[in-house]
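The values are calculated or read from the model by the stated rules, or taken from the named source; none is laboratory data. These figures come from a predicted structure and were not determined experimentally. Cβ placement follows ideal geometry from the backbone for every residue including glycine, while neighbour counts extend to all protein chains displayed. Heads up: the accessible areas ignore ligands, DNA and RNA and are worked out on the full protein's heavy atoms, side chains in. Shrake-Rupley method; radii C 1.70, N 1.55, O 1.52, S 1.80 Å.
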Amino acid sequence: MTKAWVLAGILVIAMCALTPRGGAQQKQKKDAAVSGQKQDAGAQPKGTKDAAGHEWFNHAVFYEIYPRSFADSNGDGVGDLKGITSKLDYLQHLGVGAIWITPCFPSPQVDFGYDVSDYEAIDPMYGTLADFDELVAKAKAHNIKIILDFVPNHTSDQHKWFLESKSSKTNPKRDWYIWRDGKDGKPPNNWTSTFGGSTWTLDPTTGQYYYHYFYAQQPDLNWRNPEVRKAMLDCMRFWYKRGVAGFRLDAVDTLFEDPDLKDNPILPGLDKFGFPNEHEIYNKKLPEVHDVMRDMRKLADEYDAVLIGETWTANVSELRDYYGEKNDELQMPMDLMLTQFPKLSAPQFREHITALEDAGGWPVFVISNHDIVRSYTRWGDGKNNDQIAKLAATMYMLLRGTPIMYYGEEIGMENNDPKRKEDVQDPQGRRGWPKEIGRDGERTPMQWNDSANAGFTTGKPWLPVGPNFKTHNVATESKDPNSILSLYRKIIALRSSEPALREGKYVELNGGDPNVLAFARQDFGGQTVIVALNMSESAQSVKLELGKVAAPSARAATLIAVGAKASPGDSATISLEPYGVYVAKIDSRLR
Ligand code: GLC
């Protein structure tokens with residue numbers, strides 16, 4: 001252990017001991033008293049940092065649930081909260097520590113819940129507040145925390161705030177949204193929606209246009225209005241008090257717009273909807289976003305909660321900004337950049353991981369979610385798909401940082417994209433077909449077993465079940481020690497048993513190798529786990545630079561090997577079959 005690491009450890013312990021937390025606790029108690037609630041379900045012991053300065057969310061494996069598609073308890077073809085509750089044993093056995101549920105609030109479902117019409121209730125399609133409370137309580141008994149999805153950028157056009165706002169130009173809520181006059185009978189400027197067409201829709205009643213970065217049914221809130229800020233923070237508090245452990249913040253990049261509404265510069269080419277590409281400098285990533293992140297963080301800190309950002313960034317430096325200059329913004333801004341790598345490539349992954357490591361901050365890599373083609377489909381080569389899924393799992397779970405898996409990744413679910421426009425549910429796909437087919441493919445029902453509808457529902461599922469459900473499902477894979485699911489279980493268990501994998505620094509072990517990504521994770525005490533991943537379709541033999549993390553005589557004990565082995569008597573030389581995976585622990589007794 002270097003001197004600097006020892007010093008850092010001591011400093012963190014001292015800081016934890018000195019951090020004044022009593023103020024927040026007192027405030028929390030006051031809130032409960034004011035609201036007349038017995039005891040905040042969310043009140044949790046404070047100051048739970050470990051020696052490395054890490055909190056619960058640095059160690060937990062997060063799991064994203066798209067509630068429509070996870071488990072249907074009442075046979076209506078759409079998943080629900082009771083369905084999620086019924087699967088808590090499964091999630092606990094997998095090793096999940098927190099679930100992020102995408103929006104389950106009342107909504108006309110134009111954007112499947114991302115158009116919220118009431119932030120403080122549950123959509124009847126998913127159940128009731130009582131069902132939610134039951135989920136929180138039972139999840140707690142399973143050591144699983146609940147993360148909700150908060151949509152701050154826009155509401156539904158059916159939200160009472162917007163209905164009031166559009167009712168007249170003088171309504172007190174008029175300024176809660178972005179209203180402007182048109183220009184010569186046209187929208188106020190050239191901004192185009194990420195879901196196609198102008199970002200402006202004319203309201204015939206008042207003759208003004210309102211702004212929406214997404215669908216017209218998702219009007220943007222005006223975050224420059226202090227009443228909006230207060231109302232939205234109050235909504236977050238409502239859920240913290242019910243026991244929510246944090247939020248995933250939707251579309252934070254787009255909270256603010258240039259008040260002068262300057263036209264965006266036009267770029268060459270057309271988007272998938274046939275509109276000119278734009279450089280969105282006047283309606284995305286405005287500096288004011290960070291003020292709001294700081295406000296939300298202050299509130300989150302009162303509840304020991306975590307904020308995860310949907311932060312689409314072009315590079316690592318942009319991502320760094322979301323942690324805040326004083327680490328006072330998001331604890332977990334998502335690094336969505338890996339999802340843009342179309343194929344596995346050791347140099348490309350290595351370069352990106354190193355850049356993120358060098359930037360500091362706690363990494364939150366993302367490889368799949370409800371908006372992105374599943375990693376199984378994206379990175380699969382059609383021949384070695386299951387082996388590639390095992391490689392992706394190993395990389396994802398063993399890199400430094402907090403993983404956020406997407407439901408079904410653990411069983412190798414693949415995209416099931418619609419083949420005809422008339423089958424498309426996602427309006428984005430209906431509008432953009434065939435260039436933009438929408439996101440139905442990555443949102444299909446969870447595959448629980450090989451019975452009809454993969455055990456997801458007794459009714460007609462809202463989306464067709466993926467084609468590989470007979471072989472890739474929880475029941476079948478649970479019985480097979482070599483399945484993708486069994487590997488996930490093993491590797492997540494390894495994360496919790498090996499401190500090096502939770503806390504340890506990342507050390508690159510084969511800098512220039514074009515095919516194999518190899519790294520070590522080493523903790524403060526010198527415990528070391530090494531990982532070698534063959535990202536190529538041909539067999540490889542690598543010589544790892546073990547001298548960087550261990551004495552020359554060190555030996556490694558294999559923990560996981562799928563299509564891989566170390567040379568007898570030479571722990572540094574590993575042979576890997578195509579997409580082979582090797583994980584070993586440096587046995588310090590053999591040094
Ligand atoms: C985010 C969500 C996406 C949604 C959009 C608009 O990108 O992940 O599903 O459509 O925001 O709310």
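Report yes if PRO106 is within 23 Å of ARG439 (Cα to Cα), more than 13 Å from the ligand (Cβ to nearest atom), open to solvent by 10 Å² or more (accessible area, probe 1.4 Å) and out of contact with any His (no Cβ under 6 Å at 6 or more places or on another chain), otherwise no. Yes: the conditions hold for PRO106.
The set of residues in segment 542-591 being at positive phi and assigned to a strand (DSSP E or B) consists of GLY563, TYR579. Look at segment 537-563: where a residue is under 18 Å from LYS390 (Cβ atoms) and a partner is open to solvent by 80 Å² or more (accessible area, probe 1.4 Å) and in a strand (DSSP E or B), sitting 6+ places away or on another chain with Cβ atoms under 6 Å, you get ALA539/GLU577; GLY563/GLU577. Of the listed requirements (1) buried (at least 22 other Cβ atoms within 10 Å of the Cβ); (2) polar (S, T, N, Q); (3) part of a loop (DSSP other than H, G, I, E, B); (4) in contact with a helix residue (DSSP H, G or I) (Cβ under 7 Å, 6 or more places away or on another chain), THR457 misses just one: (4). Exactly one residue among PRO461, PRO499, PRO514 is more than 25 Å from TRP379 (Cα to Cα) and touching a residue at least 40 places away in the same chain (Cβ under 8 Å), and that residue is PRO461.
Okay, residues lined up against (1) open to solvent by 10 Å² or more (accessible area, probe 1.4 Å); (2) of a type in the set (Asp, Glu); (3) away from the ligand (no atom under 16 Å from the Cβ):
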site: ASP358; (1), (2), (3): yes, yes, yes
site: GLY361; (1), (2), (3): yes, no, yes
site: VAL366; (1), (2), (3): no, no, no
site: HIS370; (1), (2), (3): no, no, no
site: LYS383; (1), (2), (3): yes, no, yes
site: MET395; (1), (2), (3): no, no, yes
site: LEU398; (1), (2), (3): no, no, yes
site: TYR406; (1), (2), (3): no, no, no
site: GLU409; (1), (2), (3): yes, yes, yes
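Taken over segment 283-320, the criterion of being within 16 Å of the ligand (Cβ to nearest atom), more than 18 Å from TRP223 (Cα to Cα) and assigned to a strand (DSSP E or B) is satisfied by LEU307, ILE308.
Scanning segment 67-86 for residues that are in contact (Cβ under 8 Å) with a residue 12 or more places away in the chain, open to solvent by 10 Å² or more (accessible area, probe 1.4 Å) and out of contact with any Phe, Trp or Tyr (no Cβ under 7 Å at 6 or more places or on another chain), which turns out nearest to PHE57 (Cα to Cα)? Walk me through how you get there before you give the answer.
Within segment 67-86, the first condition is being in contact (Cβ under 8 Å) with a residue 12 or more places away in the chain, and the residues that meet it are 67-73, 75-86.
Narrowing further to those that are open to solvent by 10 Å² or more (accessible area, probe 1.4 Å): 68, 72-73, 75-76, 78, 82, 85-86.
Now narrow it down to the ones that are out of contact with any Phe, Trp or Tyr (no Cβ under 7 Å at 6 or more places or on another chain): 73, 75-76, 82, 85-86.
On the way: SER73: 29, GLY75: 34, ASP76: 34, LYS82: 25, THR85: 21, SER86: 24 Å.
Per the criteria, the residue is THR85.
Being of a type in the set (S, T, N, Q), surrounded by fewer than 23 Cβ atoms within 10 Å (Cβ to Cβ) and in contact (Cβ under 8 Å) with a residue 12 or more places away in the chain is the requirement here; does ASN277 meet it? Here the answer is no, as ASN277 does not meet what is asked. Can we say PHE112 is away from the ligand (no atom under 13 Å from the Cβ), open to solvent by less than 50 Å² (accessible area, probe 1.4 Å) and under 18 Å from ALA216 (Cβ atoms)? Taking the combined requirement at face value, the residue does not satisfy it.
Would you confirm, using the coordinates I've provided, whether GLY246 is within 21 Å of the chain's Cα centre (by Cα) and not basic (Lys, Arg)? Considered against the rule, which asks whether it is within 21 Å of the chain's Cα centre (by Cα) and not basic (Lys, Arg), GLY246 comes out as yes.
Answer with yes or no whether ALA251 is away from the ligand (no atom under 16 Å from the Cβ) and in contact (Cβ under 8 Å) with a residue 60 or more places away in the chain. When the stated conditions are applied, ALA251 does not pass them.
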